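Reviewing the structure listed below.
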Amino acid sequence: MSEEIYEIAILGRATWQLHSLNNEGTVGNVTEPRSVRIIDPNTKKAVTTDGVSGEMLKHIHTEIMWVLDDKNNLCDACKVLNPEKFNFAIKTKKATPKNVEDALEQALKTCDVCDVQGFLLERPTASRKSTVEFGWALGIPEVYRDIHTHARHALGEKGRGSGEQEGETEGVSTQMVYHRPTRSGVYAVISVFQPWRIGLNEARQDKYTYDADDAARERRYRLALKAYQLLFARPEGAMTTTRLPHVEDFSGVIVYSAEPMPVPVISPLKNDYIDEIRTISESIDASIKVVEFNGIADFATKIGQLTNNKPYKMKF
């Protein structure tokens with residue numbers, strides 16, 4: 001008999017080579033890599049390291065979930081990955097909720113992505129907090145960073161006009177030099193998934209209710225876990241057209257609870273984070289399980305085993 005899963009945390013170290021998944025922006029013809037300042041927990045010194053934002057990781061997870069989903073279980077906006085989500089249905093009058101509670105009820109009954117990933121509403125003003133949370137993926141010092149020089153050529157074009165140099169067209173050079181970053185390193189990744197909140201309408205002030213039926217909740221639970229499996233096997237992000245990451249490794253722990261008990265989240269920036277998580281879990285509650293994984297395939301196998309379970313349903 002499968003057990004119910006209340007909460008899941010994924011904590012690990014991912015090795016990505018020559019990627020450019022997240023950047024600060026472009027200044028002139030130079031793209032700057034994302035940088036963050038942290039306190040190294042092992043040395044207690046302030047350091048600058050590389051980062052991939054939680055927004056980027058959550059976007060990757062959402063897109064994978066969308067790919068895997070039967071589009072009949074999505075609202076009109078999520079069928080085309082419109083970031084407005086269920087707010088789009090209200091703006092276009094395809095949904096006419098009477099109040100906040102009704103708006104959330106309609107969204108939770110309609111859409112897998114809106115339920116799991118959360119959304120904002122303009123009128124009525126409301127929010128649905130995501131059941132999936134990501135922190136920054138932080139480079140464990142040190143990350144190797146480089147800026148590469150490239151050139152764009154337009155072959156065959158010739159200058160026009162007496163004042164133009166050869167190789168220029170109306171003052172615009174056919175050759176453009178630009179600079180793009182790559183990074184290689186080990187990244188500390190943290191994420192929390194709350195299956196117990198799938199389908200839960202938290203807008204009502206008198207009583208919380210589950211507005212999605214059990215079949216929909218279980219489907220959304222499995223989709224979210226499958227998206228995690230692919231997230232670390234195939235990370236997408238910025239510049240993957242020419243800087244698709246060389247995915248090398250992902251190791252760490254899956255921490256989950258079968259009863260209403262928040263799971264501990266200790267940063268993989270710490271060298272002894274796994275030992276600390278085990279000690280905390282054993283001292284808090286027997287319902288908290290710690291499953292270690294070594295490698296991407298091992299992670300996919302062990303997180304996949306949780307798909308045989310069901311999302312916890314709170315008794316109100």
| request: Working only within segment 278-316, note down all residues that are under 15 Å from Ile8 (Cβ atoms) and open to solvent by 80 Å² or more (accessible area, probe 1.4 Å). | output: Lys289, Gln305, Asn308, Lys310
| What do you reckon, is Thr15 at pLDDT below 90 and either farther than 21 Å from Leu223 by Cα or not in a strand (DSSP E or B) (or both)? | no
| query | Residues in segment 239-248: is at least one crowded, with 20+ Cβ neighbours inside 10 Å, out of contact with any Asp or Glu (no Cβ under 6 Å at 6 or more places or on another chain), farther than 21 Å from Asp112 by Cα and of a type outside the set (Lys, Arg)? | reply | yes
| note | In segment 212-236, anything crowded, with 20+ Cβ neighbours inside 10 Å and in a loop (DSSP other than H, G, I, E, B) is listed as Ala212, Pro235
| Counting just the residues of segment 236-251 that are more than 17 Å from the chain's Cα centre (by Cα) and closer than 18 Å to Ala300 by Cα, which one comes out modelled with the lowest pLDDT? | His246
| Going by the structure shown, is Glu122 open to solvent by 30 Å² or more (accessible area, probe 1.4 Å), modelled with pLDDT under 90 and out of contact with any helix residue (DSSP H, G or I) (no Cβ under 9 Å at 6 or more places or on another chain)? | no
| note | Of Thr149, Thr209, Thr174, Thr182, the only residue that is in contact with a Gly (Cβ under 6 Å, 6 or more places away or on another chain), modelled with pLDDT under 95 and more than 20 Å from Ala89 (Cβ to Cβ) is Thr174
| Considering only residues of segment 249-263 that are more than 15 Å from Val192 (Cα to Cα) and touching a Ser or Thr at 6+ places or on another chain (Cβ under 6 Å), which is surrounded by the most Cβ atoms within 10 Å (Cβ to Cβ)? | Asp249
| task | From (1) outside any strand (DSSP E or B); (2) over 18 Å from the mean Cα position of the chain (by Cα), pick out the condition that doesn't hold for Ile64. | result | (2)
| query | Which of the residues spanning segment 300-316 are in a helix (DSSP H, G or I) and either of a type outside the set (A, V, I, L, M, F, W, C) or touching a Ser or Thr at 6+ places or on another chain (Cβ under 8 Å) (or both)? | reply | Thr301, Lys302, Gly304, Gln305, Thr307, Asn308
| said: Out of everything in segment 264-277 that is over 25 Å from His19 (Cα atoms) and within 19 Å of the chain's Cα centre (by Cα), what residue ends up being surrounded by the most Cβ atoms within 10 Å (Cβ to Cβ)? | reply: Ile266
| Number of the condition not met by Asn42 [criteria: (1) in contact (Cβ under 8 Å) with a residue 60 or more places away in the chain; (2) in a helix (DSSP H, G or I); (3) surrounded by fewer than 17 Cβ atoms within 10 Å (Cβ to Cβ)] | (2)
| query | Looking at Thr62, Thr48, which is the one that is surrounded by fewer than 19 Cβ atoms within 10 Å (Cβ to Cβ) and either at pLDDT 80 or above or hydroxyl-bearing (Ser, Thr, Tyr) (or both)? | reply | Thr48
| remark: When every residue in segment 78-116 that is aliphatic (A, V, I, L, M) and within 19 Å of the chain's Cα centre (by Cα) is compared, the one surrounded by the fewest Cβ atoms within 10 Å (Cβ to Cβ) is Val80
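The values are calculated or read from the model by the stated rules, or taken from the named source; none is laboratory data. This is a predicted model, so every value here is computed, not measured. We place every Cβ from the backbone using ideal geometry, glycine too, and count neighbours over all the protein chains shown. What goes into the accessible areas is simple: the full protein's heavy atoms, side chains included, and nothing from ligands, DNA or RNA. Shrake-Rupley method; radii C 1.70, N 1.55, O 1.52, S 1.80 Å.
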